[in-house]
Ligand SMILES: Cc1cc2nc3c(=O)[nH]c(=O)nc-3n(C[C@H](O)[C@H](O)[C@H](O)COP(=O)(O)OP(=O)(O)OC[C@H]3O[C@@H](n4cnc5c(N)ncnc54)[C@H](O)[C@@H]3O)c2cc1C
């Protein structure tokens, strides 16, 4: 998480998750409830209603598919127009959604954002300024967050557990760390967001892996490689031999970490904070329809026809002029039924566990990186480090990033969550000495089979917004962008602007 430090490491445990083996339930298993959320149910729903015809229809000018950051950012551009946004889940947010237990809110996915240098693209900055989310700090020369109470104290920011050893951050004192840093410094100020702004002279870095790039410049020890891979998995869902050199360099160099303390913003509800701000900015609260799955999109002479499965589990036909598709692209083969896949993405499966504990766990740091041998368990964040926290509960949010080959393990975990929860509690106790079990009241598990696109070599597109036709425009991080809030937000803004621009040009020509 801390991209400035430079390492010294080790390895450790391993979760039997890879093998699908969890320890037998221990006799002293704590008394807590478990809630599992998985989007696998969307597939079941599609299959069960595949032969059902629409029972109703309506017309609207524009449709947005998907209520993650990208879809909602697109909605901010269509405010005041006739549009509807459909979200399959029971809430908005996608991988930036939040949940609550009693009166305690917590993130179920994306949980932080960092202040922005002036060189970043102006569209996202303008939107966040208009929503009073950021303001420019003349002293630091960064766009910083207006709700300062959600900025994490530097002293509580991070620690890393490695082979039973506690170090400041993942790259602390690692052999080769200085050389690695020196290599990266050549790209200072060049790794912009959105990535479409990165100058062409750096695009070649998108054609090779990060490991190849590092090895072309220095000797890469196993230790350094493992620690870099941990950091790549943490943000990009792939190890350093899987992600592109551009993604790898971007991770370390996209902000001036070497010169300043870049404020890290983490509200209790995580990046759902931005979702709520954007929804509040749009004039039409009724335009957001959750629990509504888009099952097909068809181009017709005067626009598009979209079939949705409503919350009442009926099929409705929507006629629209244009659609912005901001759902994950791996499902397009069912929805658009194109002959060839439109996107060639690999997706990392992720699991997020929120442990809601009564007060009493003595643990202070916000980000707790845990570097194990297999690297699938990444560690956890701790709500106690957030200044505005619940009076009754602390929430420990643990993250696993699985290899694509282990996606099927999510099914087993969904079916037998209890052993997996116990296994994770034991892992946290073994690695960090922290016992959550005695204080645990509830566990939320979120399983995401296609959580984030892995930025492999060749993945980044540097394009504005891809489209299928002038009536079907794509948005989302998985359109050749890095899996980050800024990229999702920019792609949604661009899609909304492009859609309106096309309409303007058409009216002008007409
Ligand atoms: C575990 C995890 C942690 C992360 N942490 C961070 C972080 O801290 N900071 C950061 O900047 N980024 C983080 N990210 C990256 C994150 O993915 C992006 O920041 C952003 O949330 C992606 O938004 P999106 O709109 O592109 O995609 P998604 O969030 O995937 O949204 C797509 C939405 O479309 C909906 N949908 C799909 N198909 C249909 C359909 N047919 N009908 C209706 N709805 C549909 C889905 O349900 C979903 O809500 C994290 C990602 C993960 C997985």
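The values are calculated or read from the model by the stated rules, or taken from the named source; none is laboratory data. Here the structure is a predicted model, which is why all the values come from computation and not from measurement. Using ideal geometry, Cβ is built from the backbone for each residue, glycine included, and neighbour counts are taken over all protein chains shown.
Kindly provide the set of residues from region 28-38 that are within 23 Å of residue 99 (Cα to Cα) and touching a residue at least 60 places away in the same chain (Cβ under 8 Å), ordered by number. Let's see the steps before the verdict.
Of the residues in region 28-38, the ones within 23 Å of residue 99 (Cα to Cα) are 30-38.
Across region 28-38, the qualifying residues are 30, 32, 33, 34, 35, 36, 37, 38.
Against the condition farther than 16 Å from residue 490 by Cα and either modelled with pLDDT of 95 or more or in a loop (DSSP other than H, G, I, E, B) (or both), how does residue 106 come out, does it pass?
Yes; evaluated as a whole, the condition is true for this residue.
Quick check on my filter: what residues within region 384-399 are within 17 Å of residue 369 (Cβ to Cβ), in contact with a helix residue (DSSP H, G or I) (Cβ under 7 Å, 6 or more places away or on another chain) and assigned to a strand (DSSP E or B)? Spell out how you get there, then give the answer.
Pass one, region 384-399, residues within 17 Å of residue 369 (Cβ to Cβ): 384-385, 396-399.
Adding the requirement that they be in contact with a helix residue (DSSP H, G or I) (Cβ under 7 Å, 6 or more places away or on another chain) leaves 385, 398.
Passing the criteria: only 398.
Is region 127-136 home to any residue that is more than 16 Å from the ligand (Cβ to nearest atom) and in a loop (DSSP other than H, G, I, E, B)?
The answer is yes; a qualifying residue exists.
Since residue 346 meets every condition but one in (1) crowded, with 20+ Cβ neighbours inside 10 Å; (2) within 16 Å of the ligand (Cβ to nearest atom); (3) at pLDDT 95 or above, which condition does it not meet?
Going through (1) crowded, with 20+ Cβ neighbours inside 10 Å; (2) within 16 Å of the ligand (Cβ to nearest atom); (3) at pLDDT 95 or above one by one, residue 346 breaks only (1).
Could you please give the count of residues in region 71-94 that are over 27 Å from residue 312 (Cβ atoms) and modelled with pLDDT of 95 or more?
Selection size over region 71-94: 3.
With the requirement that a residue be in contact (Cβ under 8 Å) with a residue 12 or more places away in the chain and over 24 Å from residue 410 (Cβ atoms), what does region 326-361 give you?
Once the filter is applied, which keeps residues that are in contact (Cβ under 8 Å) with a residue 12 or more places away in the chain and over 24 Å from residue 410 (Cβ atoms), region 326-361 yields 336, 337, 338, 342, 357, 358, 359, 360, 361.
Could you check region 138-164 and list, in sequence order, the residues that are part of a strand (DSSP E or B) and within 26 Å of residue 492 (Cβ to Cβ)?
Of everything in region 138-164, those that are part of a strand (DSSP E or B) and within 26 Å of residue 492 (Cβ to Cβ) turn out to be 142, 143, 144, 145, 151.
Which ones in region 465-495 are near the ligand (Cβ under 10 Å from one of its atoms) and assigned to a helix (DSSP H, G or I)?
485, 486, 487, 488, 489, 491, 492
Of everything in region 312-332, what is surrounded by fewer than 17 Cβ atoms within 10 Å (Cβ to Cβ) and within 12 Å of the ligand (Cβ to nearest atom)? Give them in sequence order.
330
Confirm whether residue 166 is free of Cβ contacts under 8 Å to residues at least 60 places away in the same chain and surrounded by fewer than 16 Cβ atoms within 10 Å (Cβ to Cβ).
Yes; evaluated as a whole, the condition is true for this residue.
How about region 55-91: which of its residues are within 18 Å of residue 449 (Cα to Cα), surrounded by 19 or more Cβ atoms within 10 Å (Cβ to Cβ) and in contact with a strand residue (DSSP E or B) (Cβ under 9 Å, 6 or more places away or on another chain)?
Of everything in region 55-91, those that are within 18 Å of residue 449 (Cα to Cα), surrounded by 19 or more Cβ atoms within 10 Å (Cβ to Cβ) and in contact with a strand residue (DSSP E or B) (Cβ under 9 Å, 6 or more places away or on another chain) turn out to be 66, 67, 87, 88, 89.
Does region 437-456 contain any residue that is within 9 Å of the ligand (Cβ to nearest atom), buried (at least 23 other Cβ atoms within 10 Å of the Cβ), over 30 Å from residue 364 (Cα atoms) and touching a residue at least 12 places away in the same chain (Cβ under 8 Å)?
Yes: region 437-456 contains one or more residues that are within 9 Å of the ligand (Cβ to nearest atom), buried (at least 23 other Cβ atoms within 10 Å of the Cβ), over 30 Å from residue 364 (Cα atoms) and touching a residue at least 12 places away in the same chain (Cβ under 8 Å).
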